[in-house]
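The structure under discussion appears below in the form of structure tokens.
Every number here is computed from the coordinates shown, using simple stated rules; none is lab data. Quick caveat, the model's predicted, so the values are computed rather than measured. Methodologically, a virtual Cβ is constructed for each residue, glycine included, from the backbone with ideal geometry; neighbour enumeration extends over all protein chains shown.
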Amino acid sequence: MRRLFLLACSLALLSSAAISAESPPPAYADPAPQRYHLNARASEIDPRARPHPDLDFVFVDKTGKPQDVENAAVDTRVAPRGRLVIWLMNYGAPLFERFGDYGLHAIQVHYANKWFGLIPPTARDDGTSLGQMRLEAATGQDFSPLCAIPPPDGMMERAFQFVRHLAKTHPQGRWEQFINAEGTGLLWDKVIMAGASHGATTATRFAVHQRVDRVVAFCGPRDQLESWQGFPSATPANRIFGFSHVLDDGWKGDHYCRSWRMLGLQRYGTIVDVDASAPPYGNTRRLITRFDVNGDAKRAHSSVTPGNAAGKDAGGKFIHESVWRYLFTHPVEEVGAVVPADPECGKALPKF
């Protein structure tokens, strides 16, 4: 009887935890609902934060302009989804406005993301150094022999410190819902990691290491000589979404399709041309566009996020609004049919 009683108690606790995990996010506490853009300096939020000039990771540039400003956005007029986007590239108002439109909280964090061009070519191309450096910059843990980034200067801790600051200074946004019960870090199962190019690759590398709610990789992930994309992933592959332009050099060089294949995204649908399809795009995780960029590979690379390079219709409206919403809000349990891996993808690149 005692064994049955303990079993019943355990089941009840599990059931309660499941219900709690699925409970709706808290409503905003805002007497004047509106769209908010908030910012703060990482060096002022956390006194432990330090610059790392060797990685071009500084608090001010040579002119004295602050370089450690972090940005946040939330729209308290929109029903909250209870998810926090951590954006790993420069802040862009058009994208962050859309996060608010989707009912998402969002932050852009200052972390060591300029080291890429500082790595010696022999290490950069050795098949392991990029992934190790990305993981150290993201976690603040010792993964790379090429740098020494302590926890207060890694993305994880800086994101936590920023959210904790927002919880104190902006109660209207209910930012505290993303902090764990112990008050020691973020609830990563409520986090969407996102970025473009370099940021998309680091976001995905981090998600292979740490389970998160979702990954959105614009023009990425890359690291075409590395093998980490094939590591056992803490974040299930159905939670990883990619979007790129076919004239982007990363697509033409098979960098993106190689990473998508190694991550196993072919298990969740075929590659879909969004310009010839409509939501939900076959529930796929691999989306591409072919819209006219006048053959400009650089424009193609940055054309998949809201901004000057993005596609617009005759009336000046962005043509990929439904794609962006899909990437960040499509239910992860709704997946496309399994398709074979493309045997030609990455054929000229290292075996994986």
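For the residue pairs K65/K168; K62/K252; K317/K347; K190/K252, the C-alpha atoms sit more than 32 angstrom apart in K62/K252; K317/K347; K190/K252. When both segment 105-184 and segment 207-283 are represented by their alpha-carbon centers, they are found 22 Å apart.
Rounded to the nearest 0.05, what FRET efficiency do E176 and A32 give with R0 = 22 Å and r taken as the Cβ-Cβ distance? Could you check?
Working: r = 20 Å, r/R0 = 0.90.
After rounding, the FRET efficiency stands at 0.65.
Entry note, segment 29-186: relative contact order of 22 percent, from Cα contacts under 8 Å with a spacing of 6+ residues. For K312, a cut-off of 21 angstrom between C-alpha atoms picks up these lysines, skipping any fewer than 8 places away in its own chain: K298.
Karplus-derived 3J(HN,Hα) values for segment 54-69, using 6.51 cos²θ - 1.76 cosθ + 1.60 with θ = phi - 60°, are 5, 10, 6, 10, 10, 8, 9, 8, 5, 8, x, 6, x, 10, 10, 6 Hz; glycine and proline are entered as x. Ordered by the number of other Cβ atoms lying within 10 Å of each residue's own Cβ, fewest first, H37, H105, H301, H330 fall into the sequence H37, H330, H301, H105. In order along segment 267-279, phi translates into HN-Hα couplings of 6, 10, x, 6, 6, 10, 7, 5, 6, 10, 9, 9, x Hz, rounded to whole numbers, per the Karplus curve 6.51 cos²θ - 1.76 cosθ + 1.60 with θ = phi - 60° and x for Gly and Pro. For E70, the residues 5 or more places off, or on other chains, whose built amide H falls under 5 Å of its own are A40, R41, A42. Approximating the spin labels as points 7 Å out from Cα along Cα→Cβ, the E321-to-V338 distance works out to 3.8 nm. Selection among P80, F59, A123 by position relative to the dipole of segment 29-186 gives P80 as farthest towards the positive end (Cβ unit charges, Cα centre). Loop sites here are GluC sites (Glu not before Pro) outside DSSP states H, G, I, E and B with no more than 16 other Cβ atoms within 10 Å. The longest part of the chain free of them is 1-181. Phi angles of segment 36-42 translate, via the Karplus equation with coefficients 6.51, -1.76, 1.60 and θ = phi - 60°, into HN-Hα couplings of 10, 10, 10, 8, 6, 8, 4 Hz per residue; Gly and Pro are given as x. Close amide H partners of G220, meaning residues 5 or more places away or on another chain with modelled amide H under 5 Å apart, are S197, F243. Considering only C257, C219, C147, the mean-square fluctuation computed in a Gaussian network model of the chain, springs between alpha carbons under 10 angstrom, is largest for C147.
Amide H contacts under 5 Å for G311: I319, restricted to partners 5 or more places along the chain or on a different chain, H placed in the peptide plane at 1.01 Å from N.
Residues D223, D189, D254, ranked from the fewest to the most other C-beta atoms within 10 Å, line up as D189, D254, D223.
The magnitude of the dipole of the chain, with charges of +1 and -1 set on the Cβ of Lys/Arg and Asp/Glu and taken from the Cα centre, is near 460 debye.
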